[in-house]
Amino acid sequence: MYSTAESKVLFDQTQKLLKSNIKVEDLDQLIKVLHFHEWKYAIQNDPVISDFEYDTLYKSLEKIEHENPSLIRPDSPTQRVSSDLKSDFPKVVHLVPMLSLDNSYNAADLQDFERQIRKLTGIEDGPIEYTVEPKFDGGSIALVYENDLLARAATRGNGSEGEEMTANAKAMTSIPLRAAFSELGIQKAELRGESLIRKDVFIKLNEEREKEDKTLFANPRNAATGGLRTKDANQTAERKIETFVFQIGYAVDDQGNDMIPELSTHMNSLDKLTTLGFKIPQQERKLCSNIQEAIKVCEHWQEIREEYPYEIDGMVVKVNSFELQEKCGSTQHHPRWAIAYKFKAKQATSKLERVEYQVGKIGAVTPVAKITPVQLAGVTVSSISLHNEDFIKSKDIRIGDTVLVERAGDVIPYIVKSFPELRNGSEEAVVYPTHCPVCNHELLRPENEAVWRCVNVACEAQVIQRMIHHVSKDAMNIDGFGASYVERFYELGWLKDISDIYNLDYEAISRLEGFGQRSATKLKEAVEKAKNNPIHRLLNSLAIHHLGRKASKVIAEKIAHVMNLKTWTIEDFTSIKDIGPVVAENVKAFFDDEVNVEMLQRMEEYGVNLFQTEEDKPKEVAADAPLAGKTILFTGTLEQLTRKEAQLMAEEAGAKNISAVSSNLDILVVGEKAGSKLKKAEALGTVKIWSEVEFIEIVGRV
Ligand code: IVH
């Protein structure tokens, strides 16, 4: 419907609108732009802006229309009742309309919501209780029970009419076919819920589909909503779709009297529905005595959302009392007593301005995308690693392209894709450099590696990066000695290699701009302290390719003095468990090089410790230690211990921490919300499964 050229114009207009303060003069353009994004999202299934960006535009439109009601046009997106109705399924009218939710994005929005609630209920300063629960990101469903039997299930449809899918609902074991509503005096009830697929189940589902050469589902939500509307109920069952119930929308006794007031509060109604056998959010639903508490819960969930086994796109805050809900009432679109707290966008669009190349401590040349800064889940992002040449090629990313940026579970943002359809011809392919951008040495791409490397060890960038690594937390941990000092002292000619770090002139440093006697003395103390580090830290600080913390530790255990390594053969290295030939070659090559040996000698002269310390020696584990020789893994959220504490306790008790469930695993300790690891361990049948309390009891006997 929209040509490439039109799409491009509309996309540019979108970006301008998003950056500007939208006014009534922009109304026509705003509507055009929103129509375009509706089409991209709903018809093409290929959105080019994030939900958050869409909502921002939509809210501006609502505001303009609210202030100028005469300008409301029949084709305005606000006049649309959202609908997932298609065709084939029989239509049913919901007993009460299934409304949407209004959105909020921050604490201030929720405070506005509270002010509104106080106005509507007439409670000026008395307490108002709120509930907070996850906003499940699946497909909405309405379940009607009559005389204790599941009589009908339907999708949300357009809110007043949905599509009947009772057979599919019956295929879901989380939906009771019979529920004792009669014990509550209820003859007929309509429940609202959300059907969705657990994240780990979704991954497996797609793996299976891949094996069978079927098209993959884009996300758990699509897999779930598709599964609700399939003609084959077996499909619903196979996809392991689960239905959470989050609301009772309608309840009458055999005289037709409204029974909802009897249930008194939302929290109580969910407790009752739990007793009747429904799947209800339990620990994850919180009762809050004021809005401040509710805000805290929402903000906490924003932090932990990735750990939750189901996809959620926010939280829902509801007034707990049904009496107050009644007083608040609803608009045509949403109840006034509830609001969604939408999590910060994880995706946004931006423009690739240029690609820069960073040279790492071992010469790897990494392309870094410099994008027009965008806000992503609360952080401004302007630089994103493009990993390597193959990544850029496989994603067909060009300079000038519009790109979709995402921050997933971890904090590292990445580029999901570019939008070739939005190109205007001025975009340029990324030309990978053939020579080091810093020292101009020719780059090499070792066989079987995805990276191009500058192999000149004297390359200035590498020298600096090696020093930055040397002082870092993981290596020598020199407090306060960061990248900026390294760069500054290097430019002044005071640092040529890492040995110079231990021979600095603190008098000269104290005279530098921004320094003083105090900061120079502090730096000196930190450097002096680092001189006594155990040698495993020193080995790790040398930036030898593949020699990380773990390998440094096992080598340090075997040597009385660092210089002993000068005479080590490859076999000496590889005879150590966990040391492979690649690390062996690299460490040997380092110690074969006179330049490196002399550097270490200078360090020793300056007072850096090269002798094995007590901390380097292997810890003796008594044969009768409670977990001697066992492997252990922690999963889920622990209540009493942090993950690190638990792992240390396990180590002290003689166990080895490993990271995956396999036949090598002896013990799995499960905390709250344990997911796929627990399932896998159970399936194996050979793994001992302990609770945190059991673990503490057993290890506590050390
Ligand atoms: S309450 C009368 N609670 O979000 C309004 N909705 O954007 C009832 N949703 O269509 C909504 N989790 O499908 C409510 N805990 C929850 C929810 C939830 C997901 C969905 C629901 C609704 C949509 C609105």
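The values are calculated or read from the model by the stated rules, or taken from the named source; none is laboratory data. Treat the numbers as computed from the prediction; the structure is a model and nothing was measured. Cβ placement follows ideal geometry from the backbone for every residue including glycine, while neighbour counts extend to all protein chains displayed. When the accessible area is computed, the model is the full protein with side chains, heavy atoms only, and any ligands, DNA or RNA have been set aside. Shrake-Rupley method; radii C 1.70, N 1.55, O 1.52, S 1.80 Å.
Tabulated values for the structure
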read-out	value
Hits in the stretch 239-295 - residues which are among the basic types (Lys, Arg) and assigned to a helix (DSSP H, G or I)	LYS272
Hits in the stretch 582-613 - residues which are in contact (Cβ under 8 Å) with a residue 60 or more places away in the chain and of a type outside the set (A, V, I, L, M, F, W, C)	ARG602, TYR606, GLY607, ASN609, GLN612, THR613
Where a residue in the stretch 439-456 is surrounded by fewer than 16 Cβ atoms within 10 Å (Cβ to Cβ) and charged (D, E, K, R) and its partner, wherever it lies, is modelled with pLDDT of 90 or more and not in a loop (DSSP other than H, G, I, E, B), with Cβ under 6 Å and at least six apart	GLU442/HIS435; ARG445/TRP452
GLY514 vs. criteria modelled with pLDDT of 95 or more, part of a loop (DSSP other than H, G, I, E, B) and more than 30 Å from ILE392 (Cα to Cα)	no
From LYS296, LYS361, LYS370, LYS318, residue being among the charged types (D, E, K, R) and within 16 Å of the ligand (Cβ to nearest atom)	LYS318
Residues satisfying the stated conditions in the stretch 147-175, i.e. out of contact with any helix residue (DSSP H, G or I) (no Cβ under 9 Å at 6 or more places or on another chain) and either in contact (Cβ under 8 Å) with a residue 24 or more places away in the chain or crowded, with 23+ Cβ neighbours inside 10 Å (or both)	LEU149, ARG156, GLY157, ASN158, GLY159, SER160, GLU161, GLY162, GLU164, SER174
Inter-residue pairs, beta-carbon under 6 Å, first within 21 Å of GLU449 (Cβ to Cβ) and in the stretch 369-395, second modelled with pLDDT under 85, 6+ apart	ASN388/ALA450; ASP390/ALA450
Tally, over the stretch 561-587, of residues that are closer than 15 Å to ALA551 by Cα and either aliphatic (A, V, I, L, M) or under 42 Å from the mean Cα position of the chain (by Cα) (or both)	18
Selection within the stretch 97-120 - open to solvent by less than 50 Å² (accessible area, probe 1.4 Å) and over 23 Å from CYS298 (Cα atoms)	MET98
Search result, residues across the stretch 329-347 that are buried (at least 21 other Cβ atoms within 10 Å of the Cβ), assigned to a loop (DSSP other than H, G, I, E, B) and within 12 Å of the ligand (Cβ to nearest atom)	TRP337
Count of the stretch 124-136 residues which are open to solvent by less than 40 Å² (accessible area, probe 1.4 Å) and either hydrophobic (A, V, I, L, M, F, W, C) or closer than 30 Å to ASN219 by Cα (or both)	6
Lone qualifier among LYS351, LYS395 - being away from the ligand (no atom under 15 Å from the Cβ), open to solvent by 40 Å² or more (accessible area, probe 1.4 Å) and at pLDDT below 90	LYS395
